[in-house]
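Every number in this text was worked out from the coordinates using simple rules, so none of it is lab data. Treat the numbers as computed from the prediction; the structure is a model and nothing was measured. Every residue, glycine as well, gets a Cβ built from its backbone with ideal geometry; the counts of neighbours run over all protein chains shown.
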């Protein structure tokens with residue numbers, strides 16, 4: 001039996017994620033930035049380098065909240 005291929009998910013800007021969650025910049029960084037997988041290389045995780053969010057994780061966050069995103073990350077292997 002062959003395994004289903006992993007589908008690529010789209011990366012969206014943190015600004016668009018904040019809009020979807022109806023939160024501001026400070027709330028994103030204080031509460032949500034650790035919830036989402038950070039796809040940037042370690043060298044780029046510094047101020048001034050744009051942060052992006054996986055679209056599938058954002059959909060889970062909007063629908064079910066932060067705890068559900070952490071569980072989803074474990075399920076898809078991003079934890």
- prompt: In deg cm²/dmol, rounded to 500, what helix-only [θ] at 222 nm does the chain give when every DSSP H run of at least 4 residues adds -39500 (n - 2.57) and the total is split over its residues?
  reply: -10500 deg cm²/dmol
Nitroxide proxy distance, nm - points 7 Å out along Cα→Cβ at residue 40 and residue 26: 2.1 nm
message: Just to be sure I understand the curve: with the Debye formula and one point per C-alpha of the chain, what is log10 I(q)/I(0) at q = 0.20, 0.22, 0.23 Å⁻¹?
response: -0.91, -1.08, -1.17
- prompt: In degrees, nearest 10, range 0 to 90: what is the angle between the Cα axis of helix 66-76 and the longest Cα principal axis of the chain?
  reply: 40 degrees
